[in-house]
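Any read-out appearing in this document is the output of simple, stated calculations on the displayed coordinates, not a laboratory observation. If you're wondering where the values come from, they're calculated on a predicted model, not measured in any experiment. Cβ coordinates were reconstructed from backbone atoms using ideal geometry, including for glycine residues, and neighbour counts include every protein chain displayed.
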Amino acid sequence: MDKAKNHALISDLIILAKADEKIMASEYDFILRIAERMDVSQEEVDQLIKNPLPSLPLVSEIERITHFHKLILLMNVDWEAHKKEVEVLRNFGLKLGIRPAAIDRIMARTQEYENRVIPSEELIKIFQTYYN
């Protein structure tokens, strides 16, 4: 993936984290871990926090599923899903081309797990149900 795309994806995470007006330490740490895997430095992340980039369209289904999964994980990392965060997550899902019923199902299933982390296999099953 190219640098601009990675910065846009990190920006999406930042926008979600800022939805409730503050970035918790757990959210910041999560964003840094994702950024590190994408070869984005902490300095670049801090710059993106000040000036997030607009979202970029993701073409492949696996990219969209993976990105939505990261957004869900971020939303639940601080154990609080604020109303604004849920709204922002839903809008990201719609922009990613995810059907509203699939978003609702994913959100509901996430709540059923003790750590609020929906396994990726479960996420893929939900996608397959709605897209096949």
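Worth pointing out:
- Under Karplus coefficients 6.51, -1.76 and 1.60, residue-wise ³J(HN,Hα) of the stretch 109-123 in Hz, glycine/proline x: 5, 4, 5, 7, 8, 3, 8, 6, 9, 7, x, 4, 5, 5, 4
- Between the stretch 100-132 and the stretch 1-80, the Cα center-to-center distance that results, in Å: 20 Å
- Integer Hz, Karplus 6.51/-1.76/1.60 couplings in order for the stretch 38-55, x for Gly and Pro: 9, 6, 10, 6, 4, 4, 5, 4, 4, 5, 5, 4, 6, 9, x, 8, x, 4
- The HN-Hα couplings worked out from phi for the stretch 92-102 by the Karplus form 6.51 cos²θ - 1.76 cosθ + 1.60 (θ = phi - 60°) are 4, x, 5, 5, 7, x, 8, 5, x, 5, 5 Hz, whole numbers, x standing for Gly and Pro.
- Extension gain, Q47 to I124: 0.36 nm times the residue separation minus the Cα-Cα distance gives 24.4 nm.
- Angle between the chain longest axis and helix 25-37 axis [Cα atoms, degrees, rounded to 10]: 90 degrees
- As a rough footprinting exposure proxy, the listed residues E21, E87 were ranked by other beta carbons within 10 Å of their own, and the order from fewest upward is E21, E87.
- Computed [θ] at 222 nm, deg cm²/dmol, the chain (DSSP H ≥ 4; -39,500 (n - 2.57); rounded to nearest 500): -22000 deg cm²/dmol
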